[in-house]
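What follows is a short report on a single structure.
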Amino acid sequence: MYSYHRVVCLFLVLCTATPSMASRAINPPDQVSSDQVSKDEQGRFIYNNWPKVEDSFIRDTSLHDLHKWIYDQWRAAARAIYDARNQEYAAQGGNNIGCAGGISIQQSRQPLSIKQWNILAKRVGKSIKSSSGQAFIDAWSIADMLDQIGYTDPEFKNKIKRSSIFKAAATRLQDDDPEVVLRASALVAQSANDPNTNTNISLFLQAIETALDRETRFILIRSISSFGIRANGYAGQDEQVVKVMSAILDEHQDDRQVLVYALSTIARAFGAPEQAANAAVKMLDSPNPIARQQAIRTLVTLSSYWDNPSKRSRNKARAITIPAIKRGLHDDSDEVIMQACSVGRYLGPSLASLVPDLIALLDHPNENIRTFTITSLGNIGEASAPALPKLREMDAVKSNLTETITDAIYMIAQEGDKPGWYDDYIKKQKEMIKADD
């Protein structure tokens, strides 16, 4: 019996069907309508006709526009089946149905061989390069589905040669149609995880610099940020990325979305740590507290063992980061202070020089700031010993912070009851310290 996962996969399979193929596979009954037919009847209809569609698809993998009836009915039925099984993706619409369908390929007998997937990927690439309108969206949907497969089986995904898709998408980054730019840039971001593709970051940067409107530029910045997160850098062009993003920050000082994503992009420029850190520090002079808050977050990413895989890179960034965090602890915005005093879990003992500044915040009127400060003092460890008298004084009065204070005291002086999570925490912290030594 075919599982319902195969039914959802069918929705994506049909994205490659030609109108003539669809007609050969099924003679759609007039009464099948998402408005008129129950979920069970829709499900039975898909189940009964699946073998015909599967056979036709394996014979013909050409890529053309969707057949409207197929698109409407089968998408509606796929959503109905997911609704019936109370799946979390159902309410999110077609894109998440697509994700679920891509994942389901690995949960059932795959309808195509690796060779057939590669033929399809090549044809998708050609369509992405030259098509427009619905044909481009159809091609993008299949390309995006191929990326979703990797969530359950990266080895399978790496066997699919998608370089033609990514190269084609890169040629559309300066398209006149914002919808094309949106989808093409998302595909280029996906290339960060593809072992068969060397992404040309210069095309990304050229598109950002020449974007004619704010929305298109924001789309591109968001996508290059995603690339950096996936790839832990920018394919050797980190310094150029920082230069372009710095110019963007100067131009969009009051644009929250652009600020956040431009700084997020800089945060992954591990190949140019000093340039990236200095670009972030410059934003601490911004009158916009969001810019200052995000700047600290960027500096921590550049300096953190958990984010930056290069010891040399993060140590260079850290020399700039620690003084910047000290500035953040004395900011006039609670949000910025909160960001600065919460970084202990990422930088631990390297923040020892900031212990006096953190102790001063234990009397801050904002409870969230006090909470993060206490936690960071605990993360710093024994170097936070000067904070113990104040922490013990606070611990003598029951409050919402009692457990946090007790845990911090144990982390600093091993006094009291050991938290259940402590051994695992110490193991990870020792790993971090050893990597930084």
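The values are calculated or read from the model by the stated rules, or taken from the named source; none is laboratory data. Keep in mind it's a predicted model, so treat the numbers as computed, not measured. Because the Cβ atoms are built from the backbone with ideal geometry, glycine has one as well, and the counts that use them run over all protein chains shown.
Values as computed for the structure displayed
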item	result
Index of the failed condition, Ala269 passing every other in (1) crowded, with 24+ Cβ neighbours inside 10 Å; (2) part of a helix (DSSP H, G or I)	(2)
Filter result for Arg183 (assigned to a loop (DSSP other than H, G, I, E, B) and either in contact (Cβ under 8 Å) with a residue 24 or more places away in the chain or over 24 Å from His252 (Cβ atoms) (or both))	no
Matching option when the condition is more than 21 Å from Gln240 (Cβ to Cβ), β-branched (Val, Ile, Thr) and modelled with pLDDT of 85 or more, among Ile149, Ile201, Ile142, Ile165	Ile165
Every residue from segment 382-433 that is assigned to a loop (DSSP other than H, G, I, E, B) and under 18 Å from Arg370 (Cβ atoms)	Ala396, Val397, Lys398, Ser399, Asn400, Leu401
Residue tally, condition within 19 Å of the chain's Cα centre (by Cα) and over 16 Å from Asn232 (Cβ atoms), over segment 186-203	3
Selection from segment 361-388 of residues that are of a type outside the set (Gly, Ala, Ser) and within 13 Å of Leu351 (Cα to Cα)	Thr373, Thr375, Leu377, Asn379, Ile380, Glu382
Exclusive hit being out of contact with any Ser or Thr (no Cβ under 9 Å at 6 or more places or on another chain), in a helix (DSSP H, G or I), surrounded by 15 or more Cβ atoms within 10 Å (Cβ to Cβ) and not charged (D, E, K, R), set Phe204, Phe156	Phe156
Only listed residue being of a type in the set (Gly, Ala, Ser) and either at positive phi or in contact with a Pro (Cβ under 8 Å, 6 or more places away or on another chain) (or both), chosen from Gly348, Gly328	Gly348
Residue match in segment 406-418 (condition: among the polar types (S, T, N, Q), within 25 Å of Ala280 (Cβ to Cβ) and either at pLDDT below 90 or in contact with an Asp or Glu (Cβ under 9 Å, 6 or more places away or on another chain) (or both))	no
Selected residue (only one of Asp285, Asp331, Asp363 is in the same structural domain as Ala435 (by TED's automatic domain parsing) and without any contact (Cβ under 8 Å) to a residue 60 or more places away in the chain)	Asp363
